[in-house]
Amino acid sequence: MSDTDPQSTESESPGSATDAPPAEYDTERVEGLVDRLTLDEKIALVHGDVDPIDDATGYLPGVERLGIPPLRLVDGPTGVRSHTSTAFPSSIALAATWDPDLARDFGAALASEVRGANHDVVLAPGVNIVRVPQCGRAFEYYSEDPELAASMGAGTVEGIQSAGVVATVKHFVANNQEVGRHHASSEVGERALREIYLPAFERAVKDAGVGSVMAAYNRVDGTYMTEHRRLLTDVLKDEWGFSGFVVSDWWATSDGVAAARAGLDLDMPGVPMYEWHVREMPVDGLLGSLPDSLPRQEIADLLTTPWIPDADNPNLMLDSPFDDPLREAVTRGEVGESLLDEKVRRVLGQMERFGMLDGEQPDGDLDAPAHHDLTQEIAELGTVLLRNEDDVLPLADDADVAVVGPNADTAKVGGGGSSEVDPARATDPLSGVRERAGGEVRFARGVPRVEESEMVGGLRGWLGLGDDGGESSDPAIADALTTVREADVAVVFVQDAATETADRSLWLPGEQDELVGRVADAADRTVVVCNTGGPVRMPWAADVDAVLAGWYQGQAHGEAVGSVLYGDADPGGRLPVTFGRRLDDYPTGEKRRYPGVDDQVHYDEGVFVGYRGFDADDTEPLFPFGHGDSYADFEYGDPAAEGEVESGLTVSVPVENVSDREGREVVQVYVHDVEASVERPPTELAAFAAVDLDGGESRTVTCDLGPRDFAFYDEESEAWTVEAGEFELLVGRSSRDVRGRVTVEVETDLTAS
Ligand code: GLC
């Protein structure tokens, strides 16, 4: 379990003895409504419909006769998709802060924007594990590690729901790549599901009381998630006690009866794509305006399928499987009306819980100035200082700076797809540096801009044409080199263009690698700032003086990067994902593991995901999980552990900031099972705490661990098992920078929950 304020007490770690939170709504009132609803009214409450205002991502009309208002659902994880609104930094940037309290603040601010747009449910956070570095939506997720993903996800959910909005944790489960996402089957063993892919959802349910869970498009072990009874009902609802509603991903439901029986409660968006969001897709707007007499679906198939993302989703043009098909199945007695009642109960329960039945939701604030400041704080604390030779950073105020990069004059706000946000304003890195600098700032683009969908460089990398560093005759590079030679330091901004519906290359698009290499040869000192949606290869890493990983920074990109480059803010981030040297170094290098074969993705690596795999294979990463330097310097005293594994123990470690400036440190605690009878990763993150220390300040940082932090999931006994024997707690700055160890002994085998 993790916390940012080491002085505070900790709640139990996930899966602990605490039962699921109570239903938290007036069950009697909801039951009274269910009893009075007609069959048609019940059906209308379990599938979406066309939004008359046309700006919700999903819409339920409600039942005016009984005072049940409409329910409006909206994307997404970094801001409100339907309105001009605050564009927060990408989720992976938030995760890089390792600060669940900041996640709570973010969640509350996001919810305020959602309420400001008059919506009730936000389709966030996305908590899927970044299993492969190519994961196209890594920017929308948190980490390769379940503890970090679970802590940041639960914090975000708590923040969202504290401000009167239902959070929807997504995409349940094992939706870890974009390739084949609508039909591929994630072939995951039970132990990996339990230890790696389920914990973030489990913590959101058990610790944060999440109101909604989104069933993913993909199959797990051959069964579509919208029809996966074991995971939707046996695990999520019965074992974890989830009392909210399971909503499908958009057009993810194929078989309404199978989905109803499996535990899906709400089918979204409930209308064919050519009727959904007519405003957003002009072609569909045209189709929507066609007279009913025309064969609209055939025309849609003819005109729009090639233009529609996810064209391989057969459900896009269909009416909801929870409309006529479900109504007829209930009428025929094939599906009991009591099963339909349970779905309605879960939807109305969350509406009652959050005051929607009485119009008692808090007002919100779209595009609030305070939210702009928060995006800057998250971006600063999520920026990871990967390398800083000879303390080239922070920049001297009077330094003459050459800003180089194809997109340095454009803010890298976010990634592509359903998470996109249209902010009222966004500051770009060049302006940010110019605003903050005391010396002269020159700008040279160097190479052609990286367009949002361009992945040319990626293709070159995939084809193995990689970093041959061939001479470019491009005069723009020559011009950039002249510019950097006249400056004290060159700051090169590089980026990629990740998006939903496509996986990403680890190569920077276009000629950015070449640009960095040529600048590094020409400049006195070179700083590289990477704004990418996940890990990237850095063939030039050893040739430059400093590297910052800034992810997608949200609308305050310029202020944040200016503040970090000049040292106003300490880059507080730590890597939430491993940066490997090459694709083959990752545990998922084989084709059957990624992108899969014959529509099956084999999770053969089991629990050895990310750093767990790198450590087990003793493979040296480029930059390890948890890595991040600071402008300050921290020294650790000897760690200690108090308490028992079974009842919970507290790890404490003195940390001193021995520099003369403030800085942020993230203390990380990893567990090593010395005598395991099963294969376990060398270390597994169990807890962490982010602390801000002034120059010269010391503090004893504490982290609480519960039995689950020592357990592995035993498939035989179907239980979380802590085997008797010796465990080592490794305390340090990353999975590979251990500053102290403590040994704890477990006397007898334990079962955790
Ligand atoms: C998308 C995404 C999901 C999003 C939903 C609504 O396909 O998978 O994250 O919330 O549809 O846009």
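Just so you know, all these numbers are worked out from the coordinates, no wet-lab data involved. In this text, all values refer to a predicted model and were calculated from it rather than measured experimentally. Don't worry about glycine lacking a Cβ; one is built from the backbone with ideal geometry, like all the others, and counts go over all protein chains shown.
Worth pointing out:
- Spin-label model, residue 191/residue 239: points 7 Å from Cα along the beta carbon direction are separated by 1.5 nm.
- Across every pair of non-identical alpha carbons in the stretch 630-753, the mean reciprocal distance, once inverted, gives a Kirkwood radius of 15.1 Å.
- For the chain, the longest principal axis of the C-alpha atoms and the axis of helix 100-116 are separated by about 50°.
- Using the Cβ-Cβ distance between residue 650 and residue 451 with R0 = 35 Å, the FRET efficiency computed as 1/(1 + (r/R0)^6) comes to roughly 0.10.
- Here, the stretch 145-232 yields an orientationally averaged convex hull projection of 5.6 nm² when only Cα atoms define the hull.
- Within a straight-line Cα-Cα reach of under 20 Å, residue 42 can be paired with the following lysines, leaving aside sequence neighbours fewer than 8 residues apart in one chain: 343.
- Relative packing of 590-603, 201-214, which averages over residues the other C-beta atoms within 10 Å, highest first: 201-214, 590-603
- Rounded to 0.05, the FRET efficiency of the residue 584 and residue 748 pair, given R0 = 51 Å and the Cβ-Cβ distance, is 0.75.
- Per residue, the convex hull spanned by the alpha carbons of the chain comes to 151 Å³.
- In the chain, the DSSP-assigned H stretches of four residues or longer account for a calculated mean residue ellipticity at 222 nm of -7000 deg cm²/dmol, using -39500 (n - 2.57) per stretch and the full residue count as denominator.
- On the basis of the beta-carbon distance and an R0 of 35 Å, residue 358 and residue 255 show a calculated FRET efficiency of 0.45.
- The three principal axes of the C-alpha atoms in the stretch 157-208 carry coordinate ranges of 37, 24, 10 Å, sorted with the longest axis first.
- In summary, the lysines within cross-link reach of residue 170, defined as a Cα separation below 17 angstrom excluding same-chain residues under 8 places away, comprise 206, 237.
- Modelled this way, with points 7 Å down the Cα-to-C-beta line, the labels at residue 604 and residue 28 are 6.0 nm from one another.
- Share, in percent, of DSSP beta bridges within the chain that are antiparallel, nearest 5: 60
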